[in-house]
Amino acid sequence: VRVVIIGAGFGGLNAARELKGADVEVTLIDRNNFHTFAPLLYQVATSGLNAADVAHPVRGVFWKQPNVTFRNASVTGVDWEEQVVEVDDGDPVAFDGLIVAAGAGTNFFGVPGAAEHSLPLYSLADALALRNHLLARVEWAHAHPDEADVALTWVIVGGGPTGVEMAGALAELVQHVLRKDFPELDLDRRARIVLVELADRLLTPFVPKLSANARRALEKRSVEVRLDQQVESVAEDAVTLAGGERIPAHTVVWAAGVKASPLAEHLGLPLGPGGRIVVEPTLGVAGHPNVYAIGDVAVIPGEDGRPLPGVAQVAMQSGRHAARQLTRTFGRAGRPEPFHYKNKGIMATIGRRAAVAQFPNGFTLRGTLGWWSWLGLHLVYLIGFRNRLSVMVNWTWNYFTWDRGPRLILWTDRRRGRK
Ligand SMILES: Cc1cc2nc3c(=O)[nH]c(=O)nc-3n(C[C@H](O)[C@H](O)[C@H](O)COP(=O)(O)OP(=O)(O)OC[C@H]3O[C@@H](n4cnc5c(N)ncnc54)[C@H](O)[C@@H]3O)c2cc1C
(Lines give C-alpha, C1' and ligand atoms only; values in the text may rest on other atoms or scores of the structure.)
Protein backbone atom coordinates (compact mmCIF):
# COMPACT_ATOMS: atom_id res chain seq x y z
CA VAL A 1 0.00 0.00 0.00
CA ARG A 2 1.41 3.37 -1.03
CA VAL A 3 0.86 6.47 1.10
CA VAL A 4 1.94 9.85 -0.23
CA ILE A 5 2.34 12.82 2.10
CA ILE A 6 2.59 16.29 0.57
CA GLY A 7 4.66 18.55 2.84
CA ALA A 8 7.33 17.81 5.44
CA GLY A 9 6.22 20.46 7.93
CA PHE A 10 4.94 19.75 11.42
CA GLY A 11 1.94 17.84 10.09
CA GLY A 12 3.57 15.81 7.33
CA LEU A 13 6.57 14.84 9.41
CA ASN A 14 4.40 13.60 12.26
CA ALA A 15 2.16 11.68 9.86
CA ALA A 16 5.17 9.92 8.35
CA ARG A 17 6.62 9.10 11.78
CA GLU A 18 3.27 7.68 12.89
CA LEU A 19 3.52 5.21 10.01
CA LYS A 20 6.76 3.73 11.37
CA GLY A 21 6.46 -0.05 11.35
CA ALA A 22 3.15 0.02 9.44
CA ASP A 23 2.77 -2.16 6.39
CA VAL A 24 2.81 0.80 3.98
CA GLU A 25 5.35 2.44 1.68
CA VAL A 26 5.45 6.17 2.39
CA THR A 27 6.62 8.83 -0.06
CA LEU A 28 7.07 12.21 1.59
CA ILE A 29 7.29 15.10 -0.87
CA ASP A 30 8.52 18.60 -0.11
CA ARG A 31 9.87 21.40 -2.27
CA ASN A 32 12.54 21.97 0.38
CA ASN A 33 14.92 19.20 1.36
CA PHE A 34 14.55 20.33 4.97
CA HIS A 35 11.91 20.69 7.66
CA THR A 36 11.53 24.22 9.02
CA PHE A 37 10.83 25.00 12.65
CA ALA A 38 8.74 28.10 11.90
CA PRO A 39 8.31 29.30 15.52
CA LEU A 40 11.98 30.33 15.61
CA LEU A 41 12.19 31.96 12.18
CA TYR A 42 12.00 35.42 13.69
CA GLN A 43 15.25 34.68 15.55
CA VAL A 44 16.95 33.89 12.24
CA ALA A 45 15.55 37.15 10.82
CA THR A 46 16.98 39.11 13.76
CA SER A 47 20.41 37.41 13.81
CA GLY A 48 19.80 35.43 17.00
CA LEU A 49 20.10 32.00 15.39
CA ASN A 50 21.69 30.48 12.30
CA ALA A 51 19.49 29.17 9.50
CA ALA A 52 20.65 25.60 10.07
CA ASP A 53 19.61 25.80 13.74
CA VAL A 54 15.93 25.94 12.83
CA ALA A 55 15.93 23.57 9.85
CA HIS A 56 16.63 19.87 9.62
CA PRO A 57 17.29 17.79 6.48
CA VAL A 58 14.22 15.59 5.91
CA ARG A 59 16.23 12.60 4.74
CA GLY A 60 18.12 12.56 8.04
CA VAL A 61 14.86 12.36 10.02
CA PHE A 62 14.06 9.00 8.39
CA TRP A 63 17.41 7.21 8.47
CA LYS A 64 15.88 4.69 10.85
CA GLN A 65 12.51 4.41 9.15
CA PRO A 66 13.04 2.36 5.98
CA ASN A 67 9.40 2.59 4.82
CA VAL A 68 9.79 6.32 4.09
CA THR A 69 11.22 7.65 0.82
CA PHE A 70 11.74 11.37 0.42
CA ARG A 71 11.13 13.18 -2.85
CA ASN A 72 12.42 16.73 -3.24
CA ALA A 73 9.94 18.36 -5.63
CA SER A 74 7.13 20.87 -5.81
CA VAL A 75 3.70 19.32 -6.10
CA THR A 76 1.72 20.93 -8.91
CA GLY A 77 -1.53 18.96 -8.73
CA VAL A 78 -3.22 15.59 -8.35
CA ASP A 79 -4.72 13.43 -11.09
CA TRP A 80 -7.69 11.92 -9.23
CA GLU A 81 -8.55 9.48 -12.06
CA GLU A 82 -5.08 7.99 -12.14
CA GLN A 83 -4.48 8.50 -8.39
CA VAL A 84 -1.10 10.14 -8.92
CA VAL A 85 0.51 13.24 -7.46
CA GLU A 86 2.03 15.47 -10.13
CA VAL A 87 5.35 17.16 -9.46
CA ASP A 88 7.39 19.83 -11.22
CA ASP A 89 10.37 17.56 -11.76
CA GLY A 90 10.38 13.84 -12.50
CA ASP A 91 7.71 11.15 -12.65
CA PRO A 92 4.35 11.53 -10.94
CA VAL A 93 3.96 9.61 -7.69
CA ALA A 94 1.16 7.01 -7.42
CA PHE A 95 -0.79 6.64 -4.19
CA ASP A 96 -3.41 4.49 -2.51
CA GLY A 97 -3.73 6.95 0.36
CA LEU A 98 -2.91 10.67 0.34
CA ILE A 99 -2.26 13.17 3.13
CA VAL A 100 -2.18 16.82 2.06
CA ALA A 101 0.00 18.74 4.53
CA ALA A 102 1.17 21.66 2.40
CA GLY A 103 0.77 24.28 5.15
CA ALA A 104 0.06 27.95 4.59
CA GLY A 105 1.52 31.01 2.94
CA THR A 106 1.41 34.75 3.51
CA ASN A 107 -1.91 36.57 3.08
CA PHE A 108 -1.50 40.16 1.94
CA PHE A 109 -5.31 40.65 1.94
CA GLY A 110 -5.02 42.54 -1.34
CA VAL A 111 -3.46 45.60 0.35
CA PRO A 112 -1.93 47.62 -2.50
CA GLY A 113 1.85 47.36 -2.62
CA ALA A 114 2.06 44.85 0.26
CA ALA A 115 3.12 41.87 -1.85
CA GLU A 116 5.69 43.95 -3.76
CA HIS A 117 7.19 46.05 -1.00
CA SER A 118 6.85 44.24 2.29
CA LEU A 119 8.83 41.30 3.57
CA PRO A 120 6.91 38.27 4.81
CA LEU A 121 8.17 35.80 7.40
CA TYR A 122 6.94 32.38 6.51
CA SER A 123 9.86 30.38 5.18
CA LEU A 124 13.53 30.08 5.97
CA ALA A 125 14.28 31.93 2.74
CA ASP A 126 11.99 34.76 3.96
CA ALA A 127 13.84 34.90 7.29
CA LEU A 128 17.22 35.16 5.57
CA ALA A 129 15.96 37.77 3.10
CA LEU A 130 14.62 39.76 6.02
CA ARG A 131 17.91 39.52 7.93
CA ASN A 132 19.88 40.62 4.88
CA HIS A 133 17.52 43.51 4.31
CA LEU A 134 17.42 44.70 7.93
CA LEU A 135 21.18 44.74 8.24
CA ALA A 136 21.77 46.17 4.78
CA ARG A 137 19.48 49.11 5.54
CA VAL A 138 21.54 50.02 8.60
CA GLU A 139 24.74 49.86 6.53
CA TRP A 140 23.01 52.09 3.98
CA ALA A 141 22.00 54.51 6.73
CA HIS A 142 25.64 54.63 7.78
CA ALA A 143 26.68 55.54 4.24
CA HIS A 144 23.87 58.13 3.89
CA PRO A 145 23.56 59.68 7.35
CA ASP A 146 21.46 62.62 6.17
CA GLU A 147 18.72 60.40 4.79
CA ALA A 148 19.08 57.72 7.45
CA ASP A 149 15.77 58.05 9.31
CA VAL A 150 13.71 56.31 6.63
CA ALA A 151 16.20 53.42 6.57
CA LEU A 152 16.15 53.17 10.35
CA THR A 153 12.37 52.85 10.60
CA TRP A 154 10.97 49.35 10.70
CA VAL A 155 7.23 48.87 10.46
CA ILE A 156 5.80 45.51 11.45
CA VAL A 157 2.26 44.87 10.30
CA GLY A 158 0.27 42.47 12.47
CA GLY A 159 0.21 42.23 16.26
CA GLY A 160 -0.22 38.45 16.49
CA PRO A 161 2.50 36.22 17.93
CA THR A 162 4.76 36.57 14.85
CA GLY A 163 4.57 40.38 14.78
CA VAL A 164 5.04 40.69 18.53
CA GLU A 165 8.00 38.30 18.59
CA MET A 166 9.59 40.03 15.62
CA ALA A 167 9.15 43.51 17.11
CA GLY A 168 10.60 42.48 20.47
CA ALA A 169 13.59 40.69 18.96
CA LEU A 170 14.32 43.56 16.58
CA ALA A 171 14.19 46.06 19.43
CA GLU A 172 16.71 44.00 21.38
CA LEU A 173 18.94 43.68 18.31
CA VAL A 174 18.93 47.45 17.86
CA GLN A 175 19.40 48.32 21.54
CA HIS A 176 22.05 45.81 22.43
CA VAL A 177 23.95 45.09 19.24
CA LEU A 178 23.44 47.56 16.40
CA ARG A 179 23.78 50.52 18.77
CA LYS A 180 27.32 49.31 19.52
CA ASP A 181 28.04 48.39 15.89
CA PHE A 182 27.06 51.86 14.70
CA PRO A 183 27.88 54.36 17.46
CA GLU A 184 27.87 57.22 14.92
CA LEU A 185 24.24 56.61 13.99
CA ASP A 186 22.73 57.52 17.37
CA LEU A 187 20.23 54.69 17.12
CA ASP A 188 18.79 55.45 20.56
CA ARG A 189 17.32 58.57 19.07
CA ARG A 190 16.87 57.68 15.41
CA ALA A 191 15.82 54.02 15.26
CA ARG A 192 12.06 53.53 15.18
CA ILE A 193 10.14 50.27 15.39
CA VAL A 194 6.40 50.58 14.81
CA LEU A 195 4.00 47.67 15.34
CA VAL A 196 0.66 48.19 13.59
CA GLU A 197 -2.37 46.11 14.60
CA LEU A 198 -5.93 46.25 13.31
CA ALA A 199 -7.59 45.04 16.53
CA ASP A 200 -7.78 47.03 19.74
CA ARG A 201 -5.19 44.81 21.43
CA LEU A 202 -2.14 42.70 20.61
CA LEU A 203 -2.16 38.88 20.69
CA THR A 204 -5.94 38.49 20.31
CA PRO A 205 -5.92 34.70 20.90
CA PHE A 206 -4.73 35.44 24.47
CA VAL A 207 -6.74 36.84 27.41
CA PRO A 208 -6.68 40.68 27.59
CA LYS A 209 -4.37 40.87 30.61
CA LEU A 210 -1.66 39.02 28.68
CA SER A 211 -2.19 41.29 25.66
CA ALA A 212 -1.69 44.29 27.96
CA ASN A 213 1.41 42.68 29.43
CA ALA A 214 2.89 42.10 25.98
CA ARG A 215 2.19 45.70 25.03
CA ARG A 216 3.93 47.02 28.14
CA ALA A 217 6.93 44.76 27.52
CA LEU A 218 7.23 46.04 23.95
CA GLU A 219 6.85 49.68 24.94
CA LYS A 220 9.57 49.16 27.53
CA ARG A 221 11.75 48.18 24.58
CA SER A 222 10.82 51.42 22.76
CA VAL A 223 8.48 49.76 20.26
CA GLU A 224 5.64 52.09 19.20
CA VAL A 225 2.48 50.01 19.40
CA ARG A 226 -0.28 51.32 17.13
CA LEU A 227 -3.61 49.61 17.79
CA ASP A 228 -6.90 50.02 15.85
CA GLN A 229 -4.90 50.89 12.75
CA GLN A 230 -5.40 49.51 9.30
CA VAL A 231 -2.66 49.59 6.68
CA GLU A 232 -4.03 51.10 3.51
CA SER A 233 -1.02 50.71 1.24
CA VAL A 234 2.67 49.94 1.20
CA ALA A 235 5.18 51.70 -1.05
CA GLU A 236 8.92 51.33 -1.50
CA ASP A 237 9.63 54.00 1.08
CA ALA A 238 6.50 54.32 3.22
CA VAL A 239 3.46 52.73 4.79
CA THR A 240 0.17 54.59 4.66
CA LEU A 241 -2.45 53.97 7.35
CA ALA A 242 -6.20 54.15 6.74
CA GLY A 243 -6.48 57.51 8.48
CA GLY A 244 -4.01 58.96 5.96
CA GLU A 245 -0.93 58.93 8.18
CA ARG A 246 2.24 58.13 6.22
CA ILE A 247 5.14 56.44 7.97
CA PRO A 248 8.35 56.75 5.91
CA ALA A 249 10.15 53.39 6.10
CA HIS A 250 12.33 51.22 3.93
CA THR A 251 11.41 48.08 5.82
CA VAL A 252 7.91 46.71 6.24
CA VAL A 253 7.56 43.26 7.77
CA TRP A 254 4.26 41.61 6.86
CA ALA A 255 3.06 39.47 9.76
CA ALA A 256 -0.63 40.19 9.30
CA GLY A 257 -2.01 36.84 8.29
CA VAL A 258 -1.83 33.57 6.46
CA LYS A 259 -3.87 31.68 3.94
CA ALA A 260 -3.63 28.13 2.68
CA SER A 261 -0.68 27.10 0.52
CA PRO A 262 -1.42 28.03 -3.12
CA LEU A 263 -1.36 24.30 -3.90
CA ALA A 264 -4.82 23.96 -2.28
CA GLU A 265 -6.37 25.87 -5.19
CA HIS A 266 -4.97 23.41 -7.71
CA LEU A 267 -6.35 20.25 -6.19
CA GLY A 268 -10.02 20.63 -7.04
CA LEU A 269 -11.04 19.87 -3.44
CA PRO A 270 -13.69 21.85 -1.50
CA LEU A 271 -12.21 25.06 -0.08
CA GLY A 272 -13.29 27.14 2.92
CA PRO A 273 -12.10 30.37 4.58
CA GLY A 274 -8.53 31.38 3.68
CA GLY A 275 -8.58 28.96 0.73
CA ARG A 276 -8.17 26.02 3.13
CA ILE A 277 -9.36 22.53 2.31
CA VAL A 278 -12.63 21.62 4.03
CA VAL A 279 -12.43 18.34 5.91
CA GLU A 280 -14.88 16.14 7.77
CA PRO A 281 -14.52 15.50 11.53
CA THR A 282 -12.29 12.51 10.64
CA LEU A 283 -10.00 14.91 8.66
CA GLY A 284 -11.00 13.04 5.51
CA VAL A 285 -12.05 14.96 2.40
CA ALA A 286 -15.68 14.36 1.35
CA GLY A 287 -15.93 12.20 -1.76
CA HIS A 288 -12.31 10.99 -1.44
CA PRO A 289 -12.25 8.16 1.10
CA ASN A 290 -8.45 7.77 0.85
CA VAL A 291 -7.55 11.47 1.13
CA TYR A 292 -6.89 13.50 4.28
CA ALA A 293 -5.94 17.17 4.71
CA ILE A 294 -4.20 18.29 7.90
CA GLY A 295 -2.51 21.22 9.60
CA ASP A 296 -2.58 24.75 8.22
CA VAL A 297 -3.84 23.76 4.77
CA ALA A 298 -7.14 22.47 6.20
CA VAL A 299 -10.14 23.98 8.01
CA ILE A 300 -10.27 21.58 10.93
CA PRO A 301 -13.43 21.79 13.01
CA GLY A 302 -12.88 21.99 16.78
CA GLU A 303 -15.21 20.57 19.46
CA ASP A 304 -17.27 23.79 19.38
CA GLY A 305 -17.55 23.62 15.59
CA ARG A 306 -15.25 26.60 15.09
CA PRO A 307 -12.05 26.02 13.06
CA LEU A 308 -8.94 25.17 15.08
CA PRO A 309 -6.09 27.73 14.97
CA GLY A 310 -3.12 27.36 12.62
CA VAL A 311 -0.59 26.26 15.22
CA ALA A 312 2.05 23.56 15.36
CA GLN A 313 0.16 21.36 17.85
CA VAL A 314 -2.89 21.17 15.61
CA ALA A 315 -0.68 20.19 12.66
CA MET A 316 1.22 17.56 14.64
CA GLN A 317 -1.84 15.96 16.22
CA SER A 318 -3.88 16.04 13.00
CA GLY A 319 -0.94 14.50 11.09
CA ARG A 320 -0.73 11.59 13.49
CA HIS A 321 -4.51 11.13 13.42
CA ALA A 322 -4.71 11.06 9.60
CA ALA A 323 -1.89 8.50 9.42
CA ARG A 324 -3.71 6.26 11.92
CA GLN A 325 -6.97 6.50 9.97
CA LEU A 326 -5.23 5.42 6.76
CA THR A 327 -3.73 2.36 8.45
CA ARG A 328 -7.13 1.56 10.03
CA THR A 329 -8.94 1.68 6.70
CA PHE A 330 -6.21 -0.18 4.80
CA GLY A 331 -6.02 -2.78 7.58
CA ARG A 332 -9.81 -3.13 7.42
CA ALA A 333 -9.95 -2.27 11.12
CA GLY A 334 -13.02 -0.18 10.47
CA ARG A 335 -14.28 3.23 9.61
CA PRO A 336 -12.18 6.34 10.27
CA GLU A 337 -12.67 7.96 13.65
CA PRO A 338 -13.24 11.65 14.39
CA PHE A 339 -10.28 13.82 15.37
CA HIS A 340 -10.18 15.26 18.90
CA TYR A 341 -7.71 18.07 19.44
CA LYS A 342 -5.93 18.21 22.76
CA ASN A 343 -5.22 21.86 23.45
CA LYS A 344 -1.90 22.24 25.28
CA GLY A 345 -1.98 26.03 25.46
CA ILE A 346 -0.41 28.94 23.59
CA MET A 347 2.72 31.02 24.09
CA ALA A 348 4.45 34.08 22.68
CA THR A 349 7.69 35.73 23.66
CA ILE A 350 8.50 39.42 23.58
CA GLY A 351 12.15 39.34 24.53
CA ARG A 352 14.56 38.41 27.26
CA ARG A 353 12.63 37.38 30.38
CA ALA A 354 9.37 38.47 28.81
CA ALA A 355 6.87 35.98 27.45
CA VAL A 356 3.21 35.11 27.90
CA ALA A 357 1.66 31.67 28.10
CA GLN A 358 -1.93 30.59 28.49
CA PHE A 359 -3.14 27.09 29.30
CA PRO A 360 -6.57 25.55 28.67
CA ASN A 361 -7.45 25.46 32.40
CA GLY A 362 -7.16 29.25 32.51
CA PHE A 363 -3.70 29.24 34.10
CA THR A 364 -1.40 31.92 32.71
CA LEU A 365 2.30 32.72 32.94
CA ARG A 366 4.20 35.88 32.07
CA GLY A 367 7.54 37.58 32.57
CA THR A 368 10.58 35.50 33.50
CA LEU A 369 8.61 32.33 34.29
CA GLY A 370 6.76 32.53 30.98
CA TRP A 371 10.05 33.07 29.20
CA TRP A 372 11.78 30.05 30.74
CA SER A 373 8.83 27.81 29.85
CA TRP A 374 8.88 29.21 26.33
CA LEU A 375 12.60 28.42 25.98
CA GLY A 376 12.21 24.90 27.36
CA LEU A 377 9.23 24.02 25.20
CA HIS A 378 10.85 25.22 22.01
CA LEU A 379 13.96 23.19 22.72
CA VAL A 380 11.86 20.07 23.32
CA TYR A 381 9.99 20.41 20.06
CA LEU A 382 12.99 21.23 17.86
CA ILE A 383 13.83 18.32 15.60
CA GLY A 384 17.30 16.84 15.92
CA PHE A 385 19.86 16.79 18.70
CA ARG A 386 22.33 18.95 16.75
CA ASN A 387 19.69 21.67 16.36
CA ARG A 388 18.83 21.58 20.07
CA LEU A 389 22.45 21.78 21.10
CA SER A 390 23.24 24.55 18.66
CA VAL A 391 20.20 26.60 19.70
CA MET A 392 21.04 26.10 23.38
CA VAL A 393 24.65 27.20 22.83
CA ASN A 394 23.51 30.24 20.83
CA TRP A 395 20.92 31.23 23.43
CA THR A 396 23.35 30.82 26.30
CA TRP A 397 25.98 32.86 24.46
CA ASN A 398 23.41 35.56 23.62
CA TYR A 399 22.16 35.58 27.19
CA PHE A 400 25.53 36.30 28.73
CA THR A 401 26.99 38.55 26.02
CA TRP A 402 23.91 40.05 24.27
CA ASP A 403 25.93 39.34 21.14
CA ARG A 404 24.34 38.09 17.91
CA GLY A 405 26.94 36.30 15.82
CA PRO A 406 24.85 35.55 12.72
CA ARG A 407 24.38 39.19 11.74
CA LEU A 408 25.78 38.56 8.29
CA ILE A 409 24.62 40.15 5.07
CA LEU A 410 24.78 37.33 2.56
CA TRP A 411 23.80 39.07 -0.66
CA THR A 412 26.09 38.13 -3.46
CA ASP A 413 24.80 41.13 -5.34
CA ARG A 414 25.04 44.16 -3.05
CA ARG A 415 22.36 46.01 -4.97
CA ARG A 416 19.76 43.51 -3.80
CA GLY A 417 20.09 44.99 -0.34
CA ARG A 418 18.91 48.33 -1.62
CA LYS A 419 15.36 49.50 -1.83
C1 LIG B 1 6.90 32.92 11.65
C2 LIG B 1 5.97 31.88 12.24
C3 LIG B 1 5.95 31.68 13.60
C4 LIG B 1 5.12 30.70 14.15
N5 LIG B 1 5.14 30.50 15.50
C6 LIG B 1 4.40 29.53 16.04
C7 LIG B 1 4.47 29.24 17.43
O8 LIG B 1 5.21 29.90 18.18
N9 LIG B 1 3.73 28.22 17.92
C10 LIG B 1 2.92 27.48 17.10
O11 LIG B 1 2.25 26.55 17.57
N12 LIG B 1 2.81 27.73 15.80
C13 LIG B 1 3.54 28.72 15.24
N14 LIG B 1 3.46 28.98 13.91
C15 LIG B 1 2.50 28.20 13.11
C16 LIG B 1 3.07 26.85 12.77
O17 LIG B 1 4.37 26.98 12.26
C18 LIG B 1 2.15 26.20 11.76
O19 LIG B 1 0.87 26.06 12.32
C20 LIG B 1 2.67 24.83 11.34
O21 LIG B 1 3.93 24.96 10.71
C22 LIG B 1 1.69 24.13 10.40
O23 LIG B 1 2.21 22.90 10.04
P24 LIG B 1 1.88 22.28 8.61
O25 LIG B 1 2.55 20.94 8.60
O26 LIG B 1 0.44 22.35 8.35
O27 LIG B 1 2.59 23.25 7.59
P28 LIG B 1 4.12 23.66 7.46
O29 LIG B 1 4.86 23.38 8.71
O30 LIG B 1 4.10 25.04 6.93
O31 LIG B 1 4.66 22.66 6.35
C32 LIG B 1 4.20 22.68 5.05
C33 LIG B 1 5.27 22.05 4.17
O34 LIG B 1 4.73 21.85 2.87
C35 LIG B 1 5.68 22.21 1.90
N36 LIG B 1 4.96 22.57 0.68
C37 LIG B 1 4.03 23.52 0.53
N38 LIG B 1 3.57 23.53 -0.74
C39 LIG B 1 4.23 22.55 -1.39
C40 LIG B 1 4.20 22.06 -2.73
N41 LIG B 1 3.38 22.58 -3.65
N42 LIG B 1 5.03 21.05 -3.05
C43 LIG B 1 5.86 20.51 -2.14
N44 LIG B 1 5.93 20.93 -0.87
C45 LIG B 1 5.11 21.94 -0.48
C46 LIG B 1 6.45 23.35 2.53
O47 LIG B 1 7.74 23.47 1.96
C48 LIG B 1 6.49 22.93 4.00
O49 LIG B 1 7.65 22.20 4.31
C50 LIG B 1 4.28 29.94 13.33
C51 LIG B 1 4.30 30.15 11.95
C52 LIG B 1 5.14 31.10 11.40
C53 LIG B 1 5.20 31.31 9.92
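The values are calculated or read from the model by the stated rules, or taken from the named source; none is laboratory data. Computed from a predicted structure; not experimentally measured. No Cβ is skipped: glycine too gets one built from the backbone with ideal geometry, and neighbour counts run over all protein chains shown. Note: areas computed on protein heavy atoms with side chains; ligands, DNA, RNA excluded. Shrake-Rupley method; radii C 1.70, N 1.55, O 1.52, S 1.80 Å.
Contour minus end-to-end for residue 52 and residue 341, with contour as 0.36 nm per residue of separation and end-to-end as the Cα-Cα distance?
Gain on stretching residue 52 to residue 341: 101.0 nm.
List the residues, sorted by chain then number, that are 5 or more residues from residue 350 or on another chain and whose placed amide H is less than 5 Å from its amide H.
Placed amide hydrogens put 355, 356 under 5 Å from residue 350.
Just flag the chymotrypsin sites (Phe, Trp or Tyr not before Pro) in the range 57-145 sitting in loop per DSSP whose Cβ has no more than 16 other Cβ atoms within 10 Å.
63, 80, 109
For the chain, give me the percentage of DSSP beta bridges that are antiparallel, rounded to the nearest 5 percent.
Restricted to the chain, the bridges split so that about 50 percent are antiparallel.
Per DSSP H run of at least 4 residues, take -39500 (n - 2.57); add these up for the chain, divide by its residues and hand me the 222 nm value, nearest 500 deg cm²/dmol.
Rounded to the nearest 500, the figure is -9000 deg cm²/dmol.
Roughly how many Å is it from the Cα centre of the range 178-236 to that of the range 346-386, as a whole number?
Cα centroid to Cα centroid, the span is 21 Å.
Rank-order 368-377, 151-160 by packing density, defined as the average count of other C-beta atoms within 10 Å over each peptide's residues, highest first.
151-160, 368-377
Using a 1.4 Å probe, how large is the accessible area of residue 342, given in Å² and rounded to the nearest 10?
130 Å²
Determine, for each peptide in 354-366, 243-255, 42-54, 390-402, the mean count of other beta carbons within 10 angstrom over its residues, then list the peptides with the highest first.
42-54, 243-255, 354-366, 390-402
Of all DSSP beta bridges in the range 179-282, what percent run antiparallel (nearest 5)?
Restricted to the range 179-282, the bridges split so that about 65 percent are antiparallel.
Would you mind calculating the gained length between residue 280 and residue 209 on full extension (0.36 nm times residue separation, minus the Cα-Cα distance), in nm to one decimal?
The residue 280-residue 209 span can extend by a further 22.0 nm.
Could you give the size of the charge dipole of the chain about its Cα centre, using +1 on the Cβ of each K and R and -1 on the Cβ of each D and E, expressed in debye and rounded to the nearest 20?
Roughly 1540 debye, rounded to the nearest 20.
How high is the FRET efficiency between residue 176 and residue 89 when r is their beta carbon distance and R₀ equals 56 Å, given to the nearest 0.05?
0.80
Using the Cβ atoms and a cut-off under 11 Å, what net charge is assigned to the surroundings of residue 181, where Lys and Arg are +1 and Asp and Glu are -1?
So the surrounding residues net to +1.
Distance in nm between label sites at residue 408 and residue 235, each 7 Å beyond Cα in the beta-carbon direction?
3.7 nm
Check residue 186: other-chain or 5+ apart residues with amide H under 5 Å from its amide H, H built from backbone geometry?
none
So for the range 1-109: antiparallel DSSP bridges make up what percent, rounded to the nearest 5?
Percent antiparallel among DSSP bridges in the range 1-109 is about 40.
How would you rank 97-104, 34-41, highest first, on the average number of other Cβ atoms within 10 Å across their residues?
Highest-to-lowest ranking by the protection proxy: 97-104, 34-41.
Rounded to whole Hz and in sequence order, give me ³J(HN,Hα) for the range 104-117 from the Karplus expression 6.51 cos²θ - 1.76 cosθ + 1.60, θ = phi - 60°, writing x for Gly and Pro.
Here the 3J(HN,Hα) series is 10, x, 6, 10, 8, 6, x, 5, x, x, 5, 5, 7, 10 Hz.
Please give, to one decimal in nm, the separation of the simple spin-label points placed at residue 190 and residue 385, each 7 Å out from Cα toward the Cβ.
Modelled inter-label distance: 4.8 nm.
Lys pairs in the chain, Cα-Cα under 22 Å, at least 8 apart or on separate chains: how many?
Value for the chain: 4.
Send over a whole-number figure in Å² for the accessible area per residue of the chain, probe 1.4 Å.
Value returned for the chain: 45 Å² of accessible area per residue.
Give the angle, between 0 and 90 degrees and rounded to the nearest 10, that separates the Cα long axis of helix 208-220 from the longest principal axis of the Cα atoms of the chain.
That works out to roughly 40 degrees.
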